[in-house]
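Reviewing the structure listed below.
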Amino acid sequence: MTTQKRIWIVRDYLRCSGCRKCEIACSLFHENKIWPEASRIRVFMLVPGAEVPHLCTQCEDYPCVESCPVEAMSVSTDTGAVLVDKEKCTGCSLCINACPGRIPHIHPTEKYAVICDLCGGKPKCVKVCQKGKWDALRTILKADEQWAGHDRAYELYALTPEEITRDLVINLYGEAGEELI
């Protein structure tokens, strides 16, 4: 059996067009239908023109996994993704509260937490974003030199959509952007 290397999805918020094809690809893969509400990646537009793809940052200490009282969450040894055992999960939302970015959410019709599992090592959101040439999402191997010096980069992404939007709007519009928030 071949083991995969741990990967991480890099986000470039300035390049996100807001097309939401990442949500579609994710829901097609996981739910077999277009269903953005059940997608493991979600795109937030809290200020017009500031699109924020929001997904698991794979925190080094995995607070969501640690918070689960029924051990329904685990970490893939192959990819580093958070895995949810739907049968064990009670939908208590403790993982959401433990996550610094409030990234997990409860499935819209079933009572279990939904979080990015990296599609088994081949994230569909990244594939569709790369195919469209937006390059807002891309994968890197955590062991590569691309990752060197970025071992705590997840902390930059482990924020709520509101926090990320605030920083993005200021980056896009300068001081005038503060008035939009």
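List, in the order given, every pair from 33/127; 33/124; 33/88; 5/124; 21/122; 5/127 whose Cα-Cα distance in the structure shown is over 21 Å. Too far apart for the 21 Å limit: 33/88. Charge tally around residue 34: other residues with Cβ under 12 Å, Lys/Arg +1 each, Asp/Glu -1 each, net 0. Quick check: the angle from helix 161-173's long axis to the longest principal axis of the chain, C-alpha only, nearest 10 degrees? Here the helix axis deviates by roughly 30 degrees. The Rg/Rh ratio for segment 17-122 is 0.96, where Rg is the radius of gyration of the alpha carbons and Rh is the Kirkwood radius.
Taking Cα atoms, how many degrees apart are the long axis of helix 21-31 and the longest axis of the chain, rounded to 10 and kept between 0 and 90? Roughly 10 degrees, rounded to the nearest 10.
In plain terms, the residue of 157, 62 with the fewest other Cβ atoms within 10 Å comes first and the most crowded comes last, giving 62, 157. Using the Cβ-Cβ distance between residue 32 and residue 175 with R0 set to 45 Å, the FRET efficiency from 1/(1 + (r/R0)^6) comes to roughly 0.45. Can you work out the FRET efficiency for the pair residue 5 and residue 85, with r the C-beta to C-beta distance and R0 = 30 Å, to the nearest 0.05? Using R0 = 30 Å, I get an efficiency of 0.80. Within the listed set 80, 132, 18, the Gaussian network model of the chain (springs between alpha-carbon atoms below 10 Å) gives the highest mean-square fluctuation for 132.
Electrostatic bookkeeping for residue 105 treats Lys and Arg as +1 and Asp and Glu as -1; over the other residues with beta carbon under 13 Å from its beta carbon, the sum is +1. Ordering 121-131, 25-35 by mean Cβ neighbour count within 10 Å, with the highest value first, yields 121-131, 25-35. Of 45, 73, the sequence from fewest to most neighbouring Cβ atoms within 10 angstrom is 45, 73.
Only the coordinates and a few stated rules stand behind these numbers; no lab work does. The structure displayed is predicted, hence computed values, not measured ones. Positions of Cβ are generated from backbone atoms using ideal geometry, with glycine treated the same way; all protein chains shown enter the neighbour counts.
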